[in-house]
Amino acid sequence: MYISLAELKLRLNKIFTASQELTNNGIDSILIRANANMIYLTGTVVSGYAYLHKELELPVFFIERPSQAIDELPENCRYSVRKPELIPDILKEKGFAITERTALEQEELSFSEYCRLSKLSVTGKVSPISANGIMLRARMVKTPFEIEVMRESALVHCKIYEDVPRLYREGMTELELQIELERAMRLRGSIGTFRCYGPRMEIFMGNIISGDNAQSPAPYDFAMGGVGTPAMPMGATNRIIRPNSSVMVDLAGNYSVYNTDITRSYSVGTLPDRAYHAHEVARSICRFFEHHAKHGSSVADIYLHAQEKVAEEQFESVFMGTEFQAKFVGHGMGIQINEQPVLTGKSKDTFQSGMTIAVEPKFVLPGIGPVGMENTYLITDDGVELLTPVEESIVPLDK
């Protein structure tokens, strides 16, 4: 196992005890297929299926392609299958079955795959409740092992932001700077892509935008956009990073199966006072989060405070975008870059000890560019721990 048996059992306990969906809807089992949830159960991508039942001590894995990740599991927990239709007979021998009390990952499966897996049920029907929500709630609070992996990955992630001034050259385009930074990331162990939650969420290694490129909204639910290219319509372009403009670097912390998130702002030349003012507002929002977020506190309060602060400083029209403004100021982090909870004003969630949260107050100033920041934090019983300690001020690139 790429995670220990003790760690797997801890995660299974979280799935079957922490989820309100299981309690309220009579679900007794889950059939897992999606990569992110397989990673949660094994520590890596496994091609196949995992059957979880509240009366089973361990999942039963049905493997399509060989995987070293589960070789250490007991033999009665792992089976090779050519197709999912072989699963019911194996489960029957063990005294279990896929039934109307089994949840599937509705959002992660294609319609045809969902229909195919539904037919594995003894009645031809499965639970109308999605396993996605159940798994996301369980993954929302990290185990001590997960937290330690994220701490280590975050420290590697921080180093790339120290490289930005060194790798910048006068006359560079956004894309040229991004390529240099991506190379530095890969040399430090970045896997090169990162996982997003949502079937239409796509991005490569992150986002670098400068000047008025930041005003172009992304087609995805991200805070910052950029023109990009037709194949990936967000982020860096071949336009030169011009004097007296800001540069925002938002690159993925994908140095393990867990993500961290950092954004920092830079300048070429001197920016107008309004840019530094907005940036300090972003920093103050992060300080509020650090002082008020703790186990049991309201998620919505962070967004509502950000809105109040932005209005007080008269930056409402440029907060989290201009043409299209994102309606959140942060999100959970983990196996996927955007997990629960989402920091919106309508959230009913409370922070829980063990959550890892990215807070990203950002502004887009026409004629200047993007400013603001993003940090990744760990929620603790008493407050928060900053996982991404990197210089927060607007760093000049041409000095």
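The values are calculated or read from the model by the stated rules, or taken from the named source; none is laboratory data. Everything quoted here is computed from the prediction, not taken from an experiment. Here the Cβ positions follow ideal geometry from the backbone for every residue, glycine too, while neighbour counts run over all protein chains shown. SASA here: full protein model, heavy atoms, side chains in, ligands and nucleic acids out. Shrake-Rupley method; radii C 1.70, N 1.55, O 1.52, S 1.80 Å.
Structure notes:
- Filter result (within 16 Å of Asp250 (Cβ to Cβ), assigned to a loop (DSSP other than H, G, I, E, B) and of a type outside the set (Asp, Glu)) within the range 196-219: Cys196, Met201, Ile203, Phe204, Met205, Ser216, Pro217, Ala218
- So Ile379, is it in contact with a helix residue (DSSP H, G or I) (Cβ under 7 Å, 6 or more places away or on another chain) and aliphatic (A, V, I, L, M): no
- Annotation note: Cβ proximity below 7 Å between a residue of the range 372-399 that is free of Cβ contacts under 8 Å to residues at least 12 places away in the same chain and a residue that is surrounded by 14 or more Cβ atoms within 10 Å (Cβ to Cβ) (sequence gap 6+ or interchain) occurs for Glu385/Tyr377; Glu385/Leu378.
- Residue within the range 336-354 that is crowded, with 24+ Cβ neighbours inside 10 Å, among the hydrophobic types (A, V, I, L, M, F, W, C) and touching a Leu at 6+ places or on another chain (Cβ under 9 Å) present: no
- The set of residues from the range 179-195 being crowded, with 16+ Cβ neighbours inside 10 Å and either in contact with a Gly (Cβ under 7 Å, 6 or more places away or on another chain) or in a loop (DSSP other than H, G, I, E, B) (or both) comprises Ser190, Phe194, Arg195.
- Taking every residue in the range 292-311 that is under 14 Å from Val329 (Cα atoms) and pairing it with any residue that is acidic (Asp, Glu) and in a helix (DSSP H, G or I), at least 6 positions away or on another chain, the pairs with Cβ-Cβ distances below 7 Å are Val310/Glu316.
- Among the residues of this structure, Asn132 does not count as one that is in contact with a Lys or Arg (Cβ under 9 Å, 6 or more places away or on another chain) and assigned to a helix (DSSP H, G or I).
- Going through (1) hydrophobic (A, V, I, L, M, F, W, C); (2) closer than 18 Å to Ser118 by Cβ; (3) assigned to a strand (DSSP E or B) one by one, Ile27 falls short only on (3).
- Listed by position, the strands (runs of 3 or more DSSP E) enclosed by the range 326-391 that each have at least 3 residues that are within 27 Å of Asn132 (Cβ to Cβ) and under 18 Å from the mean Cα position of the chain (by Cα) are 330-332, 339-342, 356-359, 375-379.
- Residues of the range 316-335 that turn out to be over 19 Å from Thr388 (Cβ atoms) and buried (at least 18 other Cβ atoms within 10 Å of the Cβ), as a count: 6
- Close pairs (7 angstrom Cβ cut-off, 6 or more residues apart or separate chains): closer than 11 Å to Phe62 by Cα in the range 72-84, assigned to a helix (DSSP H, G or I) and open to solvent by 10 Å² or more (accessible area, probe 1.4 Å) anywhere: Tyr79/Ile90; Pro84/Arg116
- Unique residue being more than 17 Å from Ile337 (Cα to Cα), in a loop (DSSP other than H, G, I, E, B) and not aliphatic (A, V, I, L, M) when the list is Glu170, Glu176: Glu170
- Qualifying residue in the range 42-50 (condition: of a type in the set (S, T, N, Q), in contact (Cβ under 8 Å) with a residue 12 or more places away in the chain, closer than 19 Å to Met135 by Cβ and loosely packed, with under 15 Cβ neighbours inside 10 Å): yes
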